[in-house]
Amino acid sequence: MLDYTAPSTVEEAVRILAGAPGIAKVLSGGTDLLVQLRSGRTKPGLIVDIKKIPGISGIRERDGAFVIGASTPGAVIGECEALRRAWPGVVEAANLIGSTQVQGRASLAGNLCNASPAADSVPALIAARATCVIAGPNGRREVPVESIATGPGRTSLGPGEFILEFHLPKRPPRSADAYLRFIPRTEMDIAVVGAAVSLTLDPGGVCTDARIVLGAVAPTAILVPEASAALVGRKLDEAALAGFGEAAQRACKPIDDKRGTIEYRTKVAGVLARRTAMIAYERAGKRR
Amino acid sequence: MRKHHVSTIINGEPTEFLCEPQLTLLDVLRDELHLTGSKEGCSSGDCGACSVTVDDRLVCSCLMLAVEAEGRNVETIEGMARGQNLHPLQRKFLEHAALQCGFCTPGLLVAAKALLDRNPDPTETEVRYWLAGNLCRCTGYDKVIRAVLDAAAELRAE
């Protein structure tokens with residue numbers, strides 16, 4: 001027997017989620033949850049729709065930093081001019097999820113908590129050093145996005161916990177990010193490989209900070225500090241990019257499936273990482 | 001199973017219904033309210049045949065619970081024509097033969113209208129990307145795209 005409730009406060013939502021006798025599922029955009037309900041992959045006793053909680057949907061800018069409500073649909077994220085300027089990679093990644101119709105509902109929190117290794121927004125959020133605020137029976141805690149997914153379909157969220165909002169930090173000058181996804185068609189597919197890069201340059205064009213995250217090549221999105229190290233202290237010349245791509249490839253632990261073999265995914269990861277870094281570098285260079 | 005009472009506006013008409021919590025908006029539109037223009041193609045958000053707008057946002061009605069329609073403004077294909085007067089998009093679909101079996105057509109029309117409401121002068125590329133979530137197995141899309149661009153031109157001239 002399934003029931004539905006739409007609490008209007010965080011405290012009420014936590015109380016309901018923590019006290020539910022069977023499986024309780026959080027509903028934001030529902031673009032994954034409804035498919036799983038229909039297929040029988042998940043059989044909850046209760047659906048807790050969090051969209052009636054004030055502030056759970058929408059984007060707020062505070063001194064150059066951004067707060068994105070957990071349930072904010074991709075379409076709203078794509079329409080936020082200030083966010084697109086500050087975090088073009090996060091926005092392009094979020095907007096790659098599904099179709100226009102899916103963008104009308106799909107949220108960052110849903111993409112993260114569905115915990116697909118191929119989730120498009122997750123590598124970009126991790127590269128951006130985004131954090132999420134989690135509400136739960138013991139109050140609120142703020143954790144890095146990379147601490148949420150622990151494996152395909154699994155998260156570190158405890159009973160009664162759900163994500164309230166994402167925080168994106170203020171950008172230093174000459175910083176930019178980018179996200180590229182490889183799929184064998186142009187739209188409506190799941191990443192064979194995803195690559196997110198966030199860079200900060202000094203006035204001479206030398207990388208002072210680099211974050212690279214790969215998606216779909218391991219059980220979760222993976223940060224590749226060895227690849228970042230290949231860029232820091234250097235310009236993006238051929239040699240730096242080659243070392244960067246090789247480090248990205250070495251970090252891959254992909255599976256063989258219908259979307260690509262281990263060998264193919266690993267090779268594509270190197271190429272995609274280099275291309276993404278070049279886009280982020282060019283964007284950062286224009287921000288003087 | 002406990003039924004939920006939902007008050008909503010559908011195509012401008014205040015509408016109330018009772019529904020079980022697992023029913024999608026598409027289930028209720030078709031089976032309860034007999035608005036059968038929205039089609040069930042895949043029920044997984046891939047085909048777009050069930051496209052409607054909710055508070056002016058294009059969504060798949062198969063990916064939304066009917067209870068979530070509480071207090072929202074839903075527009076379906078049934079609200080597109082004004083009596084006997086077809087919307088320019090509908091006319092252009094006929095003129096360009098942008099349909100064969102017609103199953104995807106309501107979803108394509110609702111999606112195309114959502115685009116033109118936002119962007120009256122889209123490029124061909126913009127139309128193709130916007131409609132990427134509406135699958136059509138008959139036309140090969142070219143006639144659909146031409147119909148949308150032609151309707152956009154006519155609407156701009158009005």
Practice problem: Run A:ILE183 past the list (1) assigned by TED's automatic domain parsing to the domain that holds A:VAL271; (2) in contact with a helix residue (DSSP H, G or I) (Cβ under 7 Å, 6 or more places away or on another chain); (3) not acidic (Asp, Glu) and report the number of the one that doesn't hold. | Solution: (2)
Quiz item: of a type outside the set (D, E, K, R) and under 20 Å from B:ILE10 (Cα atoms) - does that describe any residue in the range B:114-129?
Solution: yes
Quiz prompt | Whichever residue in the range B:27-49 is hydroxyl-bearing (Ser, Thr, Tyr) and within 14 Å of chain A (Cβ to nearest Cβ) and, among such residues, is nearest to B:ASN11 (Cα to Cα) | solution = B:SER38
Exercise. Spot the failing condition for A:ILE255; the list is (1) within 25 Å of A:PRO152 (Cα to Cα); (2) buried (at least 21 other Cβ atoms within 10 Å of the Cβ), and only one is missed.
Key: (2)
Quiz item: Which one is farthest from B:SER61 (Cα to Cα), of the residues in the range A:33-51 that are touching a helix residue (DSSP H, G or I) at 6+ places or on another chain (Cβ under 6 Å) and either facing chain B (nearest Cβ under 9 Å) or among the polar types (S, T, N, Q) (or both)?
Solution: A:THR42
Quiz item: Can you tell me which of A:VAL197, A:VAL217 is crowded, with 23+ Cβ neighbours inside 10 Å, in contact (Cβ under 8 Å) with a residue 24 or more places away in the chain and in a strand (DSSP E or B)?
Solution: A:VAL197
Quiz item: What number of residues within the range A:87-106 satisfy the criterion of being more than 9 Å from chain B (Cβ to nearest Cβ) and over 27 Å from A:LYS170 (Cα atoms)?
Solution: 0
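Table: residues versus (1) of a type outside the set (Gly, Ala, Ser); (2) more than 12 Å from chain A (Cβ to nearest Cβ); (3) buried (at least 18 other Cβ atoms within 10 Å of the Cβ).
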residue: B:ALA98; (1), (2), (3): no, yes, yes
residue: B:ASP121; (1), (2), (3): yes, yes, no
residue: B:VAL127; (1), (2), (3): yes, no, yes
residue: B:ASN134; (1), (2), (3): yes, no, yes
residue: B:ASP142; (1), (2), (3): yes, yes, no
Exercise. State which residue is surrounded by the most Cβ atoms within 10 Å (Cβ to Cβ) when the search covers only the range B:9-26 and only residues that are within 14 Å of another protein chain (Cβ to nearest Cβ) and out of contact with any His (no Cβ under 8 Å at 6 or more places or on another chain).
Key: B:LEU25
Practice problem: Filter the range A:220-234 for residues that are in contact (Cβ under 8 Å) with a residue 40 or more places away in the chain and of a type outside the set (A, V, I, L, M, F, W, C) and give the result. | Solution: A:THR220
Exercise. Say whether the condition of being in contact (Cβ under 8 Å) with a residue 24 or more places away in the chain, part of a strand (DSSP E or B) and surrounded by fewer than 19 Cβ atoms within 10 Å (Cβ to Cβ) is met by at least one residue in the range A:37-59.
Key: yes
Practice problem: Answer with yes or no whether A:LEU112 is within 21 Å of A:ILE222 (Cβ to Cβ) and either within 14 Å of another protein chain (Cβ to nearest Cβ) or basic (Lys, Arg) (or both). | Solution: no
Quiz item: Quick one: would you say B:VAL74 is more than 16 Å from the chain's Cα centre (by Cα), within 14 Å of another protein chain (Cβ to nearest Cβ), at pLDDT 95 or above and buried (at least 19 other Cβ atoms within 10 Å of the Cβ)?
Solution: no
Quiz item: With (1) over 25 Å from B:THR139 (Cα atoms); (2) more than 9 Å from chain A (Cβ to nearest Cβ); (3) under 14 Å from the mean Cα position of the chain (by Cα) as the list, and B:VAL110 as the residue in question, which single condition is left unmet?
Solution: (1)
Quiz prompt | Failed item in (1) in contact with a strand residue (DSSP E or B) (Cβ under 8 Å, 6 or more places away or on another chain); (2) within 27 Å of A:GLY19 (Cα to Cα); (3) basic (Lys, Arg), with A:ARG129 passing the rest | solution = (2)
Quiz item: Does any residue of the range A:65-81 turn out to be more than 14 Å from every other protein chain (Cβ to nearest Cβ), free of Cβ contacts under 8 Å to residues at least 60 places away in the same chain, touching an Asp or Glu at 6+ places or on another chain (Cβ under 7 Å) and part of a helix (DSSP H, G or I)?
Solution: no
Exercise. Would you mind stating whether A:LYS25 is in a helix (DSSP H, G or I), at pLDDT 95 or above, outside the structural domain of A:SER147 (by TED's automatic domain parsing) and in contact with a strand residue (DSSP E or B) (Cβ under 8 Å, 6 or more places away or on another chain)?
Key: no
Quiz item: Given B:GLY140, B:GLY83, which one is at pLDDT below 95 and farther than 16 Å from B:CYS47 by Cα?
Solution: B:GLY83
Self-check item: A:SER99 being in contact (Cβ under 8 Å) with a residue 12 or more places away in the chain and in contact with a Pro (Cβ under 8 Å, 6 or more places away or on another chain)
Solution: no
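The values are calculated or read from the model by the stated rules, or taken from the named source; none is laboratory data. All figures in this text were calculated on a predicted structure; none of them were measured in a lab. Glycine gets a Cβ as well: all are built from the backbone with ideal geometry, and neighbour counts include every protein chain shown.
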